[in-house]
Amino acid sequence: MKHIYRSNSCCGIHTTNQTILYRTLIGAPLELLYFGSRITDERTISALEGAASAPEAYPAFGGVYRRSPAFRVSKGSEQQHTSARLLFTGSEAADEQTLVLSLFDSYLQLEVSLIIEADYEYDMIGMYTRVTNCSDTSCIIDYMAAAFLPLSWKEGVLTNCTGSWAHEMHMNEQRLNPGIHITGERCGVRTTRFANPSIILSHGEHAVGEQTGICIGAAYAWSGNWAFLLDHDPDGTISLIAGDHPDTARRILTAGASYQMPHLYLTYSESGRGTVSRRFHRWAKQRMIPDAANPRSIVLNSWEAAYFDFDETLLLQMIDGAARIGIETFVLDDGWFGSDYPRDDDTQGLGDWQVQPAKLPRGLTPLIDRCRERGMTFGLWIEPEMVNPRSRLFEQHPEWILSAEHREASLERGQYVLDLSREEVLIWVIGTIEQILDQNPGIDYIKWDCNRDIKELSGGFAVYDRYVENYYRILEHLGERYPALVIQDCASGGGRVEYGALHRTHEFWASDNTDALQRIFIQWGTGMFYPPSVTAAHVGSETNHITGRHLPLAFRCSVAMSCRFGVELSPLALSGEDREFLCEAVSTYKGIRHLIVSGELYRLVSPYEQHHAAIMYVLPDRSEALLFVWELRFSVGSAYEQIRLAGLQEDRMYEVRELLAEHLEQHMMNPVRSGSEAMRLLTGEYLQRCGLAIAFRHEYDSRIFHFVMK
Ligand code: GLA
């Protein structure tokens with residue numbers, strides 16, 4: 001077994017740069033001996049095996065363990081048994097990269113398996129757990145961690161991303177004082193509305209830097225409720241506990257039944273959070289997100305361009321306008337459906353997925369055909385998990401919504417959540433989507449939206465599980481039946497950005513906020529764990545619809561071009577000059593897109609720390625790179641900045657070219673004279689040690705540089 005290590009008293013698994021080791025003594029609690037950089041010498045492992053004490057690796061409530069446990073169970077009519085003792089019974093290498101460690105409570109007859117999967121090449125460790133009730137009576141699993149990692153760290157800092165609608169993924173840092181810290185969601189469907197299920201845990205008193213410091217990056221892959229608990233024991237252990245939200249974690253486990261938790265993916269870095277991001281991106285593009293090693297198309301979405309107010313003529317004009325700019329996919333957003341209850345605002349029509357004759361008397365076909373004629377693909381917005389009370393669907397099936405018995409169901413954005421945990425609702429959703437796709441051949445893309453939370457339900461928390469399982473079944477079914485269909489994951493913007501959904505969709509809408517200035521922060525946080533090449537970022541109109549801020553087109557374009565580029569404004573509303581610039585931006589993006597898709601992200605200057613921000617992408621072989629710089633707040637005293645690059649090969653020359661430049665010679669102020677040929681050819685060493693000098697001309701100035709190794 002190549003990556004698995006097993007001896008009489010120890011078991012572990014390696015990836016290229018990491019090792020995790022457990023002490024595995026039959027009949028004793030499992031202990032975590034080590035999680036850190038790769039151990040290559042077996043003598044080191046022997047020394048670890050001999051350690052006098054090590055933290056328990058999956059402690060249960062009710063024994064000697066006094067901190068937040070990994071597992072809590074209750075059994076008996078009056079819960080007379082709340083104490084569990086999970087002892088190691090054996091290990092198994094399920095395959096070359098998967099280790100299964102089994103624990104058993106012999107009194108309660110409960111088996112818990114810890115499954116550890118190593119992705120050797122991509123340096124990622126996946127962990128999850130499974131519990132089986134081997135007794136002949138049921139019990140209640142009050143809490144069960146998908147992963148439990150007791151780190152012998154005396155100090156730690158938690159970095160995570162939180163926010164709200166149109167303000168997603170803002171980074172927070174908090175030093176972990178002794179005690180219990182929790183971050184989580186229990187909205188049921190919009191799983192990442194307030195916080196994202198991904199964290200960076202830094203070792204020490206300060207958060208790690210981009211290139212230095214010890215940390216662990218972890219992301220939970222589940223589109224339901226979740227929480228990370230960090231329990232800092234003042235004696236010197238910080239336990240990372242990942243799984244369900246404690247408020248909704250309770251599950252009944254009948255005799256003979258099993259339950260399996262979702263995956264936590266983690267990676268250990270001794271070179272800061274930049275390494276964490278790059279590993280997650282690489283792994284996600286190869287292993288998690290369908291077809292993500294290939295580029296996504298450039299989208300024009302109709303939402304901010306027309307909202308609910310359009311007809312066939314307008315859409316055809318927009319398609320023509322989009323084609324002239326060089327757009328590759330036209331997406332028709334909300335408002336195209338609802339015949340008896342026309343979807344002209346958000347109060348009605350949701351659930352009635354027939355084309356609205358008043359707006360589109362000839363259906364979708366003329367739009368699809370026009371896209372085809374113009375060499376574009378066609379996409380459509382749907383929100384299949386929801387229903388407005390004013391809809392034919394609700395009239396026919398009022399019993400299909402999620403509600404709490406004896407209580408009135410609450411509305412949010414004028415809609416209810418359909419109870420996707422029910423088989424008949426699942427079948428209806430699949431049938432409805434199939435009907436839309438089969439009756440309108442030529443839909444290549446769907447934007448799957450989800451605009452409210454689950455606020456109430458009946459039937460226990462297992463409803464949440466079945467809901468998510470059925471959501472996955474639908475996505476997987478669509479993937480099999482329509483293999484070329486691209487699915488954008490959206491939930492009021494970035495409300496469902498996690499690896500459960502992303503494993504079954506192709507890209508995501510990061511936020512309804514298209515204000516490029518705020519997007520820099522949103523994309524900064526999003527890029528910690530999720531690849532920019534699948535992060536949809538669209539150029540909004542000059543006066544932003546949400547913030548009212550005016551931003552130059554060049555700035556709006558460059559912020560969107562640093563991710564999966566698209567447009568969210570009407571091509572008909574552009575001045576001639578702006579249309580020309582947008583055309584150039586689109587064609588420039590086509591020339592550099594391979595760097596966003598295959599390049600590795602280096603965050604150079606943080607918008608949280610400076611008046612400007614900078615990131616770059618470098619191809620893995622370092623032959624090409626791309627630099628984005630944005631001026632956020634202009635002041636004369638800081639009009640010049642040396643931006644030191646990263647990821648380049650120091651002993652090679654790079655040709656530097658500014659893209660979408662207005663006046664090339666003004667932009668770079670390196671020692672060689674501005675505008676001279678020499679300044680366009682610099683060593684990697686120079687660029688990384690001295691940096692590229694940038695002159696900012698005004699607030700919201702932006703720069704894109706392309707580097708090609710010579
Ligand atoms: C959500 C999405 C938007 C748009 C609207 C349509 O808010 O995030 O992009 O699709 O719904 O109602």
### Summary
From the option list S562, S541, single residue qualifying as of a type in the set (S, T, Y), modelled with pLDDT of 95 or more and within 16 Å of the ligand (Cβ to nearest atom) is S541
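Can you work out which of the residues in the stretch 612-664 that are open to solvent by 80 Å² or more (accessible area, probe 1.4 Å) and free of Cβ contacts under 8 Å to residues at least 40 places away in the same chain is nearest to R279 (Cα to Cα)?
Taking the stretch 612-664 first, the residues open to solvent by 80 Å² or more (accessible area, probe 1.4 Å) are 620-622, 633, 636-637, 640, 642, 644, 651-652, 657, 662-663.
Next, only the ones that are free of Cβ contacts under 8 Å to residues at least 40 places away in the same chain stay: 620-621, 636-637, 651, 663.
Working: P620: 12, D621: 16, V636: 38, G637: 38, D651: 25, H663: 37 Å.
Step by step, filter the stretch 612-664, then rank; the result is P620.
Please find, among R372, R362, the residue that is over 25 Å from D512 (Cα atoms) and outside any loop (DSSP other than H, G, I, E, B). Working first, answer last.
Working: R362 fails: outside any loop (DSSP other than H, G, I, E, B).
The unique qualifying residue is R372.
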### Task
Say whether the condition of being open to solvent by less than 10 Å² (accessible area, probe 1.4 Å), farther than 19 Å from V131 by Cα and more than 18 Å from the chain's Cα centre (by Cα) is met by at least one residue in the stretch 246-261.
no
### Query
If you check D512 against the conditions, is it outside the structural domain of W283 (by TED's automatic domain parsing), within 14 Å of the ligand (Cβ to nearest atom) and modelled with pLDDT of 95 or more?
yes
### Task
Mind counting the residues in the stretch 289-315 that are of a type in the set (A, V, I, L, M, F, W, C), in a loop (DSSP other than H, G, I, E, B) and more than 16 Å from the ligand (Cβ to nearest atom)?
4
### Message
Can you pull out every residue in the stretch 1-35 that is closer than 25 Å to S106 by Cα, of a type in the set (S, T, Y) and either more than 32 Å from the chain's Cα centre (by Cα) or open to solvent by 20 Å² or more (accessible area, probe 1.4 Å) (or both)?
### Response
S7, S9, T24
### Query
What is the residue count in the stretch 318-356 for residues that are closer than 30 Å to D419 by Cβ and in a loop (DSSP other than H, G, I, E, B)?
21
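Hey, among R374, R324, R392, which residue is farther than 21 Å from W509 by Cβ, open to solvent by 70 Å² or more (accessible area, probe 1.4 Å) and touching a residue at least 60 places away in the same chain (Cβ under 8 Å)?
Values: R374 fails: touching a residue at least 60 places away in the same chain (Cβ under 8 Å); R392 fails: touching a residue at least 60 places away in the same chain (Cβ under 8 Å).
None of the other options fit; the residue is R324.
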### Query
What number of residues within the stretch 199-228 satisfy the criterion of being out of contact with any Gly (no Cβ under 8 Å at 6 or more places or on another chain) and hydrophobic (A, V, I, L, M, F, W, C)?
3
### Message
On the basis of being part of a loop (DSSP other than H, G, I, E, B) and at pLDDT 95 or above, does G274 make the cut?
### Response
no
### Task
Taking E117 as the residue in question, decide whether it is open to solvent by 30 Å² or more (accessible area, probe 1.4 Å), within 30 Å of the chain's Cα centre (by Cα) and under 28 Å from S37 (Cα atoms).
yes
### Query
Given the residues T267, T275, T329, which is the only one that is assigned by TED's automatic domain parsing to the domain that holds E373 and of a type in the set (S, T, N, Q)?
T329
### Summary
The residue from Y65, Y58 that alone is surrounded by fewer than 21 Cβ atoms within 10 Å (Cβ to Cβ), touching a strand residue (DSSP E or B) at 6+ places or on another chain (Cβ under 8 Å) and assigned to a loop (DSSP other than H, G, I, E, B) is Y65
#### Entry: So E96, is it open to solvent by less than 70 Å² (accessible area, probe 1.4 Å) and at negative phi
no
### Query
Of all the residues that make up the stretch 455-473, how many are open to solvent by less than 10 Å² (accessible area, probe 1.4 Å) and in a loop (DSSP other than H, G, I, E, B)?
0
### Query
Is it the case that the stretch 360-368 has a residue that's within 16 Å of the ligand (Cβ to nearest atom), open to solvent by less than 40 Å² (accessible area, probe 1.4 Å), at pLDDT 95 or above and farther than 21 Å from K455 by Cα?
no
### Message
I'd like to check something: does the stretch 453-474 contain any residue that is within 16 Å of the ligand (Cβ to nearest atom) and touching a residue at least 40 places away in the same chain (Cβ under 8 Å)?
### Response
yes
### Task
Determine whether E609 is open to solvent by less than 10 Å² (accessible area, probe 1.4 Å) and under 30 Å from S492 (Cβ atoms).
no
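Of the residues D142, D136, which single one is outside any loop (DSSP other than H, G, I, E, B) and over 16 Å from H263 (Cβ atoms)? Give the steps one after another, and end with the answer.
Working: D136 fails: outside any loop (DSSP other than H, G, I, E, B).
It is D142.
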### Query
From the residues in the stretch 68-86 that are modelled with pLDDT of 95 or more and open to solvent by 60 Å² or more (accessible area, probe 1.4 Å), which one is nearest to H3 (Cα to Cα)?
R85
### Task
For the stretch 519-526, state whether one or more residues are touching a His at 6+ places or on another chain (Cβ under 9 Å) and small (G, A, S).
yes
### Task
For I487, state whether it is in a helix (DSSP H, G or I) and either open to solvent by less than 10 Å² (accessible area, probe 1.4 Å) or touching a residue at least 60 places away in the same chain (Cβ under 8 Å) (or both).
no
### Message
So if I check each of G414, G442, which one is within 16 Å of the ligand (Cβ to nearest atom), open to solvent by 10 Å² or more (accessible area, probe 1.4 Å) and on the phi > 0 side of the Ramachandran plot?
### Response
G414
### Message
What's the total number of residues in the stretch 489-508 that are near the ligand (Cβ under 9 Å from one of its atoms) and touching a Lys or Arg at 6+ places or on another chain (Cβ under 7 Å)?
### Response
4
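The values are calculated or read from the model by the stated rules, or taken from the named source; none is laboratory data. What you see is a predicted model, and the numbers here were worked out from it, not measured in a lab. Positions of Cβ are generated from backbone atoms using ideal geometry, with glycine treated the same way; all protein chains shown enter the neighbour counts. Ligands, DNA and RNA are excluded from the accessible area calculation, which covers all protein heavy atoms including side chains. Shrake-Rupley method; radii C 1.70, N 1.55, O 1.52, S 1.80 Å.
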